[in-house]
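The values are calculated or read from the model by the stated rules, or taken from the named source; none is laboratory data. What you see is a predicted model, and the numbers here were worked out from it, not measured in a lab. Quick reminder, even Gly has a Cβ in these numbers, built from the backbone with ideal geometry, and neighbours come from all protein chains shown. The area values use the complete protein model at the heavy-atom level, side chains included, leaving out ligands, DNA and RNA. Shrake-Rupley method; radii C 1.70, N 1.55, O 1.52, S 1.80 Å.
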Amino acid sequence: MKGVVVLGSTGSIGENTLDVASRHSDRYRIVALAAHSNHETLFAQCQRFRPEFAALVDRAGASKLAECVAASGLGTRVLAGADALSTVASLPQADIVMAAIVGAAGLAPTLAAAAAGKKLLLANKETLVLAGSLLLEAARTSGAQILPIDSEHNAIFQCLPSRGEPGVAPRGVSRVVLTASGGPFLKTRREDLASVTPEQAVAHPNWRMGPKISVDSATLMNKGLEIIEACHLFSIAPERVNVVIHPQSIVHSLVEYEDGSVLAQMSQPDMRVPIAHALGWPERIASGVPALDLVQIGRLSFEAPDLERFPCLALAQEAARTGGSAPAVMNAANEIAVAAFLGRRLNFAGIAGVIESVLQQHEARPLQGLDDALAADAWARERAQAALTSRHAAGA
Ligand code: NAD
Ligand code: MG
């Protein structure tokens, strides 16, 4: 029996992880569940999976959860506050940690799991963008195995020679190609993009995901974050990570070798496939996802991304090439801009505008350690808020 901790258990990846784990209750035991504030969902998960620990960042939510747990006679211990996430991420009885908190808030517990030498299932891509070298270094020191959950990176991992090893440069590989669905606005005209709503932006054609990553998919910033994620995970230069639009989301990414061979991984667009791959690795276990019917799908198509309609992708490519503090700054500005868009305080086109203005004010420098990464993140959040305020003042 492997002990599993799910950080971000109430989210889309968290729920999919519990779905896969519940199909293999002879192999996986849920040790701890953690989330931000949704005590109702977390309590329902506690009743079903009976973890030893349940943690909520929000203290009021944690009190409500503790009351429900006590009233129901469950033995789960309830922890509260942001530090509780790192506590459960490094429990000695945990073998596997799913890092599925959204945004930079996932950094500390993800680092804690890496430092504790866990098998780390990494969905929280923002952590890699913010502090990728630090995370990989922590994993190297402790011997933690990092398995990518992002479908593209999981696909690349599967297509690399001898299973690949995150952080080690793959031999004989000339390029990796990330596929992107193109999101809900693939065919929307540039002049119409300014007025799209949060509801339209989160209605992804192929994937059901949390609101932040759904907006990132609509702006193509998600693919930009994934370029940086790939550079860290596979020790590959940004110039060798390409993006191709593939609206069917069946081919999840490709690895091109020096001899001209191209290997791709395919499946239904369902996150339970990469989750089951990583959970079971190096074995294969059932995910609950139906088999792929290529005849029914009929046609797979590919096209180049349009960097003019989706400037976030170009901004991310540049931040990836600049390196140092630039990706951390871009990620933080994006988090602020996306939250403003979801809160109807910024229009869709303004997301790229805010990120660009913050990056223009930034002078990139090398990140020496965690403090540098956190300082870049905090600086960019503050500059992004200021950019939002000045846009409002200007009536934009
Ligand atoms: P989600 O919004 O559905 O869930 C987010 C989870 O994080 C929730 O459990 C929430 O309680 C927790 N959380 C949010 N803010 C927090 C905070 N400040 N502190 C602690 N916990 C917090 O998001 P999701 O779609 O499940 O995505 C999770 C991560 O996985 C993201 O980094 C995303 O980019 C990545 N990812 C998701 C998908 C997908 O299909 N959903 C695919 C690839 C990668
Ligand atoms: Mg992805």
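The table below gives the values:
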quantity: 20 Å cut-off, amide nitrogen to a point 7 angstrom out along R321 Cα→Cβ, residues in the stretch 211-254; calculated: 220-232, 235-245
quantity: Accessible carbon and sulfur surface of the stretch 311-392 relative to its total accessible area, %, 1.4 Å; calculated: 49
quantity: Ellipticity estimate at 222 nm from DSSP helix runs (n ≥ 4, -39,500 (n - 2.57)) divided over the chain, nearest 500; calculated: -14500 deg cm²/dmol
quantity: Long pairs among K119/K212; K2/K212; K2/K125, criterion Cα-Cα beyond 28 Å; calculated: K2/K212
quantity: Options M221, G210, S195, ranked by Cα towards positive dipole end of the stretch 191-231, top entry (Cβ charges); calculated: G210
quantity: Helical segments meeting 30 Å axial Cα length and Kyte-Doolittle 1.0 threshold in the chain (DSSP H); calculated: none
quantity: Contour excess over end-to-end distance, with Cα ends at E40 and A304 and 0.36 nm allotted per residue; calculated: 90.7 nm
quantity: Kirkwood hydrodynamic radius over Cα pairs of the stretch 197-302, then Stokes diffusion coefficient at 4 °C and 1.567 mPa s, in µm²/s; calculated: 82
quantity: Solvent-accessible area per residue for the chain (1.4 angstrom probe, square angstrom); calculated: 42
quantity: Cleavage-rule hits (trypsin sites (Lys or Arg not before Pro)) in the stretch 209-301: DSSP loop, at most 10 neighbouring Cβ within 10 angstrom; calculated: R284, R299
quantity: Taking N as its residue count, the alpha carbon Rg of the chain over 2.2 N^0.38 Å; calculated: 0.95
quantity: Computed FRET value (nearest 0.05) for L263 with S195, which takes r as the C-beta separation and R₀ as 45 Å; calculated: 0.60
quantity: Per-residue SASA entry for H39, accessible area with 1.4 Å probe, Å² rounded to 10; calculated: 40
quantity: Largest to smallest accessible area among T87, T17 [probe 1.4 Å]; calculated: T87, T17
quantity: Stokes-Einstein diffusion coefficient of the stretch 137-254, Kirkwood radius over Cα pairs, 25 °C, 0.890 mPa s, in µm²/s; calculated: 160
quantity: Förster radius 45 Å - calculated FRET efficiency between S133 and R50, Cβ distance, rounded to 0.05; calculated: 0.75
quantity: Cα lying deepest toward the dipole's positive end in the stretch 215-351, options A316, G298, N331, charges on Cβ; calculated: N331
quantity: Given charges at beta-carbon only (K, R positive; D, E negative), |dipole| of the chain in Debye; calculated: 600
quantity: Accessible carbon and sulfur surface of the stretch 100-169 relative to its total accessible area, %, 1.4 Å; calculated: 51
quantity: For the chain, the longest site-free run once GluC sites (Glu not before Pro) in DSSP loop states with at most 10 other Cβ atoms within 10 Å are removed; calculated: 1-257
